[in-house]
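In what follows, a structure is listed as structure tokens, so that the remarks can point back to it.
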Amino acid sequence: MATTALVFDLDGTLVDSAGDIAEAVNLTLEELALPRVSEATVRSWIGEGVRNLVSTALANAGSALTLEEVMSVFMRHYKACLLRSPRLYDGVGEALTALQARGLPMAICTNKPAAMVAPLLQHLGIAGFFAHIIGGDSLPRRKPAAEPLLHVAGLLQQPVADCLMVGDSGTDLGAANNAGMPIVLVRYGYSRDLDLDAAEAVAVIDDMRELVSIVA
């Protein structure tokens with residue numbers, strides 16, 4: 001395939017941040033006098049944006065509190081926990097370096113709030129690889145809608161079909177399918193209930209370094 005640009009999801013694709021997101025959720029629950037939940041449980045909720053995350057946590061706790069009452073509490077803890085212990089998945093730095101050396105423009109398209117993305121990229125030392133960042137609140141609609149991927153392809157000045165999405169979840173797969181953009185899925189991320197082996201993807205990879213040969 002002739003790939004002219006790459007569009008990456010963030011959490012679960014480039015960065016393992018589940019522990020930090022889980023701690024933000026649990027600190028919020030504690031402040032609301034609600035029981036904590038396991039990291040594995042929160043991991044299964046990640047990917048649909050922060051409002052869906054908090055809504056799911058409240059429903060799981062059987063709370064009658066509204067999102068409007070809780071979002072400011074969560075965002076305070078989310079910001080505080082953002083750089084607590086995130087890590088790049090194995091091979092991510094090497095892969096991004098190799099792809100950049102080939103002159104491929106790259107962007108981030110995530111459902112994470114845009115304000116939380118740049119500090120995380122800077123902290124992990126990968127901010128310089130990406131020409132554009134689209135967050136979950138950058139546009140009126142977020143993934144799995146097509147709009148974020150269509151918008152970022154426009155920013156990259158590349159045809160949608162010549163861009164390659166790299167993600168880990170059904171949300172990413174849905175966005176790619178809706179936009180008409182090919183996708184590579186990673187096996188190590190927050191796939192939730194997505195059957196990776198049945199997904200219509202260019203490839204399913206175990207290590208980001210495999211991406212380099214795919215776009216060669």
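For this structure, a couple of remarks:
- When the chain is treated as a Gaussian network with alpha carbon springs shorter than 10 Å, the biggest mean-square fluctuation among A18, A40, A127 belongs to A40.
- Peptides 30-37, 79-86, 157-164 ranked from most to least packed by the mean count of surrounding Cβ atoms within 10 Å: 157-164, 79-86, 30-37.
- Residue of M71, M165, M106 that the Gaussian network model of the chain assigns the largest fluctuation, springs spanning Cα pairs under 10 Å: M71
- Judged by the ratio a/c of the largest to the smallest principal axis of the C-alpha gyration tensor, segment 110-216 counts as rounded, that ratio being less than 1.5.
- Simple spin-label estimate for A64 and I214 in nanometres, 7 Å along Cα-Cβ: 4.8
- Ordering of 197-209, 138-150, 45-57 by packing is 45-57, 138-150, 197-209, highest average first (other Cβ atoms within 10 Å, averaged per residue).
- Take every Cα pair under 8 Å whose residues are at least 6 apart in sequence, average their separation, divide by the length of the chain, and the relative contact order is 26 percent.
- Whole-percent carbon and sulfur share, accessible surface of segment 78-216, 1.4 Å: 49
- Estimated FRET transfer efficiency (D197, L139; beta-carbon r; R0 25 Å; 0.05): 0.20
- For the chain, the gyration tensor built on C-alpha atoms gives a prolate shape. Its axis ratio a/c (a ≥ b ≥ c) is at least 1.5, and a/b is the larger of a/b and b/c.
- For the chain: accessible area per residue (Å², 1.4 Å): 42
- Relative frequency of Cα-Cα separations exceeding 14 Å in segment 24-65, percent: 39
- Counting only DSSP H runs of at least 4 residues, each contributing -39500 (n - 2.57), and dividing by the residue count of the chain, the helix-based mean residue ellipticity at 222 nm comes to -12500 deg cm²/dmol.
- Within segment 195-216: backbone nitrogen closer than 19 Å to the A101 label point (7 Å, Cα to C-beta): 207-216
- Between M71 and Q157, the simple label model (points 7 Å from Cα in the Cβ direction) yields a spacing of 3.6 nm.
The values are calculated or read from the model by the stated rules, or taken from the named source; none is laboratory data. Bear in mind the structure is a predicted one, so any value in this text is a computation, not a measurement. Note that we place each Cβ from the backbone using ideal geometry, even for glycine, and neighbour counts take in every protein chain shown. Ligands, DNA and RNA are excluded from the accessible area calculation, which covers all protein heavy atoms including side chains. Shrake-Rupley method; radii C 1.70, N 1.55, O 1.52, S 1.80 Å.
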